[in-house]
Each structure stands twice: as C-alpha cells, then as structure tokens.
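**Student:** So that we are looking at the same thing, I have put the structure below in structure tokens.
The values are calculated or read from the model by the stated rules, or taken from the named source; none is laboratory data. Keep in mind the model is a prediction, meaning the values are calculated, not measured. Reconstructed Cβ throughout: ideal geometry from the backbone, glycine too, with neighbour counts over all protein chains shown. Just so you know, the surface numbers come from the protein's heavy atoms only, side chains and all, with ligands and any DNA or RNA stripped out. Shrake-Rupley method; radii C 1.70, N 1.55, O 1.52, S 1.80 Å.
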Amino acid sequence: MAVDAEHLIVGAGCAGLSLAVRLASRPFRERGRIRVVDPRTEFGADRTWCAFRGAAHPFEDAVTHAWSRYQIHAPHVIERASERPYEHIASERFYGVALAALERAEGVELDLGVSVQALEDRGGFVEATTSAGPLRANVAWDGRGGAPAARGGPDDVAWWQHFVGWVVKTERPIFEPNVATLMDFRVSQRLGPHFVYVLPYARDEALVEDTYFSDTPLEPSRYEEAIRAWLDAHRAGEFTCLRTERGAIPMSTAVLGPRRDARIVPIGLRGGAAKPSTGYAFAFIQRHCEALARLAGDGSRPVPETPAHDPVSTAFDRVFLSFLRRHPERAPEVFGALFERTPPASLVRFLGEEGGVRDHLRVMNGVPRGPVFGEVLRAHRLWLRSR
Ligand SMILES: Cc1cc2nc3c(=O)[nH]c(=O)nc-3n(C[C@H](O)[C@H](O)[C@H](O)COP(=O)(O)OP(=O)(O)OC[C@H]3O[C@@H](n4cnc5c(N)ncnc54)[C@H](O)[C@@H]3O)c2cc1C
C-alpha cells in the first residue's frame, strides 16, 4: 500500500515537534518522509516550560533564564543551591528552533490548520481521517495532548495539577532574580495541596502561578484572587499583567498498558510523559522522544513498547501520591521534609528519574517515614486483595 508519508506526527506541540526534530535529523534514506499535522496556525508564548538541566537536547537555544537557587515555603523557608540550574525554555523560542530545523530538513511537510479526527491501524499502515482528507503513513505518533488512556490498579491515583499563571510587572522590586520559588504553601490548603510558584525574571518581573493538586480545575477567578492576594501580601504595589497561562496536567500513576494499535504510538502527555508526583513533563518528553526516534527507522516495523517512566520511580510516585491524596493537609510538611533533608543533587536526580539506589534511599530518609511505610503496607494489602 502506497503511503503519503512514512511518519505521521499528529500534533505540533512539545512532543510532536520534539520527535519531528529528532527524526528529521536522521538521513532521509533511513527515516523517509515526515508529515506533521496540527489545527493550530500560530506558535507563540503560550506556556513556560521549566526543568532542572539534564541531558542535552536540541532546544538549548530556547533556554532564556536559569536559576541557580530554588526555595520552598513549607511554611518556613528552605533555600538550596543546585549544581544543575533550573531552566526556563521559552515556548516561542522552542517553536522557532523546531520549525527552523524542520524547514531545513529534506522530506518534511507541516500541515497547519488541519486536525486529525480519527486514526486507524489497518495492519500494514495507519489511516488518518483529517479535516483536509485521508492520509496514510507507516506509523502515526499521536501527540494530541490531553491525558493518557491508562489502566489503573486499586492503589493508583489519578489527580490533576491545575493552575493559572500571570507574568507581572510590579511597581516595587519585590523579587529575588536568582531564586526560583518552586512551592509557596502559605496559601489556603482547604481544597487540596495548594501553592504559589514564582519564577522571577527581574526584580520587578515574574511569573506568579497559583497551583493545586486535586480532582478538578477551578474557575479562573479562584486562581486569580490567590495571585492578587500573594502580590498584595508581598507589597508588590500596582502591577501590570503582561501574559497569562493556564493548564491542567494529569498526575496519574496508572501505567499505560500495551498499545492497542501497534502502529499508533502515543507521545507527550498522551503517552504518559507527565511525572505523576510533580506534573513535570518537558524533560521526560525529551527523553522519551529521543528513545523513540532511535527505534523508529522508517516506521515500517512497529516500535517496541517504550514507557516514558521507569517502573521503580512510578512505584515511589504511587506511594507518595496516594499518601498525599489521603492526607492533602500534610502536603506542606511532606514537601518541606523532602526539600529540607534530601541533598539537592539527589533530589534533582530523583525528580528527573535519573537517580540510583543511593538517591532513592536519601529521598526515603527525607520524607516522614512512619506515614510512608504505612502507605506502602496499605498499597500492598490493596494489591493482595485485588488478586
Ligand atoms: C501552561 C503550561 C505550562 C507548563 N509548564 C511546564 C513546565 O514548566 N515544566 C514541565 O515539565 N511541564 C510543563 N507543562 C506540562 C507539559 O510539559 C506541557 O503540557 C507540554 O506542552 C505537553 O506536551 P504535548 O506535546 O503532550 O502537548 P501539547 O504541547 O499541548 O501539544 C499538543 C498539540 O496537539 C495539537 N492537537 C490537538 N488536537 C489535535 C488534533 N485533533 N489533530 C492534530 N493535532 C491536534 C494541539 O494543537 C497541540 O499543538 C506545562 C503545561 C502547560 C499547559
């Protein structure tokens, strides 16, 4: 069966473009034609991606800020220096780097303003129904965002990290430009773990984001009130909102089962890339796309199952999240203990799922042990009962 492209990438977002750039960097004769389809027609400053610096990736030119120190307020302040800075990847630059690389590569076509309505694995190829007609490819990489269709066990947690962020310019210079505030828990914990995230770009400019872990997103006004209250409490004075962002990221410990369709491969949030306990996804998307691009060839042979997270880290996340889910009011205490007692290098490796046994033990030492071991026993009992 003749195909329109060897690779069909559905969605030109973080994962779709991360994979496209890596595939496009391979010789054309090895990987064949790449077609990227997305209903959007514009790429702009629509989100702030941050991650601790990790393995090299093709978007290093998109890093616009790096903080060497980070802090959390739980509620007392814990401040640490990190050898690996916390980096901000500006989405408009990320898109610029990706689109320029795709433009230069041979055999890459970008169909913007086109949405994919259905994907069918027909055995030797995939057929996509799109708003511009049918498309056939050896393999479809499904990066349409949203949540993964994962199967959960009795001890799995499916939560959301939801937030609204404002980039503000303030009348008074209230920010410390070298220090990123990852979590400021000095806000109401009534609706679940709730904190303010602050990325200062200058003494009078920062992203201030109001964030919750819970079952459902809230009305925008709820987050906005909290941002205003935080700015007031910090005596920011008058301020101008330069940009807003909003998001809901799945925090699910349910693992993706084997693919239903061998030739349709979910990537990005759909592929379970968001780390369950933190909602961070950018670094995992880079690592996952790197691994998939290495296995992809020209898509004629289905790629093997390639999970975005390692099972040991997911087991830790399951214990941690299920404890928080049952005791949301203890989030400040648990995160506080974790940041206070774990050496920064171990914590950063652990959060990035690069840690070894030693890092895992240091983290275990950092969290309140009684409740966590209680949670492990509870999970074990649930697992035994479900068998
Ligand atoms: C505001 C915001 C801030 C975030 N900040 C961070 C952060 O600091 N650090 C971090 O690690 N993670 C962060 N995340 C989480 C995660 O990294 C991002 O959501 C990331 O963009 C997910 O990548 P993705 O490719 O799965 O989805 P997206 O980047 O959302 O891309 C999905 C693409 O699919 C397209 N699409 C949708 N429907 C169709 C269709 N029918 N046919 C074809 N295409 C379709 C969309 O137009 C879009 O371009 C943030 C998320 C948001 C929303």
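**Student:** Name the single residue, out of those in segment 190-206 being modelled with pLDDT of 95 or more and not in a strand (DSSP E or B), that is least open to solvent (accessible area, probe 1.4 Å).
**Tutor:** The residue in question is P193.
**Student:** Also, quick follow-up: Could you figure out which of (1) in contact with a Phe, Trp or Tyr (Cβ under 6 Å, 6 or more places away or on another chain); (2) open to solvent by less than 20 Å² (accessible area, probe 1.4 Å); (3) part of a strand (DSSP E or B) isn't true of T244?
**Tutor:** (2)
**Student:** Among the residues in segment 104-123, are any of a type in the set (S, T, N, Q) and within 30 Å of Y201 (Cα to Cα)?
**Tutor:** No, segment 104-123 contains no residue that is of a type in the set (S, T, N, Q) and within 30 Å of Y201 (Cα to Cα).
For (1) open to solvent by less than 40 Å² (accessible area, probe 1.4 Å); (2) at positive phi; (3) not in a loop (DSSP other than H, G, I, E, B), each residue gets a yes or a no:
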| site | (1), (2), (3) |
| --- | --- |
| L99 | no, no, yes |
| L119 | yes, no, yes |
| W141 | yes, no, yes |
| I174 | no, no, no |
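**Student:** Continuing with this model, one more query. For A128, indicate whether it is more than 12 Å from the ligand (Cβ to nearest atom), in a strand (DSSP E or B) and surrounded by 20 or more Cβ atoms within 10 Å (Cβ to Cβ).
**Tutor:** no
**Student:** Can you tell which of L351, L295, L338 is closer than 21 Å to H73 by Cβ and without any contact (Cβ under 8 Å) to a residue 40 or more places away in the chain?
**Tutor:** L338
To keep it simple, each residue is scored yes or no on (1) part of a helix (DSSP H, G or I); (2) within 9 Å of the ligand (Cβ to nearest atom); (3) crowded, with 20+ Cβ neighbours inside 10 Å.
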position	(1), (2), (3)
T240	no, no, no
P250	no, no, yes
K275	no, yes, yes
A283	yes, yes, yes
C289	yes, no, yes
P307	no, no, no
L321	yes, no, yes
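**Student:** All but one of (1) at pLDDT 85 or above; (2) among the aliphatic types (A, V, I, L, M); (3) touching a helix residue (DSSP H, G or I) at 6+ places or on another chain (Cβ under 9 Å) hold for A379; which doesn't?
**Tutor:** Just one mismatch for A379, condition (1).
**Student:** Among (1) within 19 Å of R31 (Cα to Cα); (2) without any contact (Cβ under 8 Å) to a residue 60 or more places away in the chain, there is one condition V139 misses while meeting the rest; what is its number?
**Tutor:** Exception for V139: condition (2).
**Student:** Being closer than 21 Å to L269 by Cα and among the aromatic types (F, W, Y) is the filter here; which residues of segment 296-336 pass it?
**Tutor:** Within segment 296-336, F316, F320 meet the criteria.
**Student:** From E103, E79, E60, grab the single residue that is exposed (fewer than 15 other Cβ atoms within 10 Å of the Cβ), acidic (D, E) and within 16 Å of the ligand (Cβ to nearest atom).
**Tutor:** E60
**Student:** I need a count of the residues in segment 79-120 that are within 24 Å of the chain's Cα centre (by Cα) and among the β-branched types (V, I, T).
**Tutor:** Count: 3.
**Student:** To continue, here is another question. Of the residues L269, L231, which is out of contact with any Lys or Arg (no Cβ under 8 Å at 6 or more places or on another chain), among the aliphatic types (A, V, I, L, M) and away from the ligand (no atom under 16 Å from the Cβ)?
**Tutor:** Within the list L269, L231, the selection yields L231.
**Student:** Report yes if R69 is at pLDDT 95 or above, under 23 Å from the mean Cα position of the chain (by Cα), more than 30 Å from V126 (Cα to Cα) and open to solvent by 60 Å² or more (accessible area, probe 1.4 Å), otherwise no.
**Tutor:** It is true that R69 is at pLDDT 95 or above, under 23 Å from the mean Cα position of the chain (by Cα), more than 30 Å from V126 (Cα to Cα) and open to solvent by 60 Å² or more (accessible area, probe 1.4 Å).
**Student:** Would you please name the residue that is nearest to the ligand (Cβ to nearest atom), looking only at residues in segment 213-228 that are open to solvent by less than 30 Å² (accessible area, probe 1.4 Å) and in a helix (DSSP H, G or I)?
**Tutor:** Ranking the qualifying residues of segment 213-228, first place goes to Y223.
**Student:** Evaluate the following for S300: is it in contact (Cβ under 8 Å) with a residue 40 or more places away in the chain, touching a helix residue (DSSP H, G or I) at 6+ places or on another chain (Cβ under 6 Å) and not in a helix (DSSP H, G or I)? Steps first, answer last, please.
**Tutor:** Numbers: in contact (Cβ under 8 Å) with a residue 40 or more places away in the chain: yes; touching a helix residue (DSSP H, G or I) at 6+ places or on another chain (Cβ under 6 Å): no; not in a helix (DSSP H, G or I): yes.
Answer is no for this residue.
**Student:** Answer yes or no: is there a residue in segment 285-292 that is over 16 Å from the mean Cα position of the chain (by Cα) and under 21 Å from A55 (Cβ atoms).
**Tutor:** yes
**Student:** For segment 1-33, give me the residue count where each residue is assigned to a helix (DSSP H, G or I) and away from the ligand (no atom under 14 Å from the Cβ). Explain how you work it out, then say what you get.
**Tutor:** Restricting attention to segment 1-33, the residues satisfying the condition of being assigned to a helix (DSSP H, G or I) are 14-24, 28-31.
Applying the additional criterion that residues be away from the ligand (no atom under 14 Å from the Cβ) yields 23-24, 28-31.
Residues flagged as assigned to a helix (DSSP H, G or I) and away from the ligand (no atom under 14 Å from the Cβ) within segment 1-33 amount to 6.
**Student:** Next up: Does segment 148-186 hold any residues that are modelled with pLDDT under 95 and within 10 Å of the ligand (Cβ to nearest atom), and which are they?
**Tutor:** P148
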